[in-house]
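Have a look at the structure below, then the notes.
The values are calculated or read from the model by the stated rules, or taken from the named source; none is laboratory data. Not measured: the values here are computed from a predicted model. Heads up, the Cβs are rebuilt from the backbone with ideal geometry, glycines too, and the neighbour counts pull from every protein chain shown. Areas reflect the complete protein model, heavy atoms only, side chains present, ligands, DNA and RNA absent. Shrake-Rupley method; radii C 1.70, N 1.55, O 1.52, S 1.80 Å.
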Amino acid sequence: SFNIPLIMNNEQLDSLILANHLVTVPDEGEGYKIQELTHSKAYLNETSYLILKEIAHIFFQETNTELSISSLTRTMENQQRLRRVNSNATSGESAHSYGASFDISYSKYGDKTGRNSANERILQAILEDFASDGKIYFIKERRQPCFHITVRNFNPKSVELLK
């Protein structure tokens, strides 16, 4: 729904970046850090990047702790490679392959690894608020300790308010 086709390979990903359909997600931002990415690249569509920043900002304001982003945009080639080592990875199309999804770890916050029940509850409550506002869908993955977030193409006027 963001007019981005299924991203099959790195060549197509590069062309979408050059055409400004995907934006770079910096390694660090207010309230988040990106983990070392092995099967994805640090790009999202603009709306998804704004939502990631808003979630991270709210979480940081409430906890003074940074979120750890574990995955962003994947090509279908990367998705198939990931499927071999991560049973959570879908065998078909993934919203990650449209630049509309990202994963937030719930076993790493800032530089500290390990479950933190209080942070996990706060993060889940923030995600539930965004979901009830119609901005995202999310699931809590079990085998890989992360929340998988897919951004919805909601009212464009509300995106302007995020900038």
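So here's what we get for this one:
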quantity: Subset of the range 20-71 (residues that are open to solvent by less than 10 Å² (accessible area, probe 1.4 Å) and out of contact with any strand residue (DSSP E or B) (no Cβ under 8 Å at 6 or more places or on another chain)); calculated: none
quantity: Leading residue by the ranking (surrounded by the most Cβ atoms within 10 Å (Cβ to Cβ)) among those in the range 100-125 that are within 14 Å of Ala56 (Cα to Cα) and of a type in the set (Asp, Glu); calculated: Asp103
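Residue-by-condition table, conditions (1) at pLDDT below 95; (2) over 23 Å from Ile139 (Cβ atoms); (3) aliphatic (A, V, I, L, M):
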residue	(1), (2), (3)
Phe2	yes, no, no
Glu30	yes, yes, no
Thr65	no, no, no
Asn78	yes, no, no
Asn88	yes, no, no
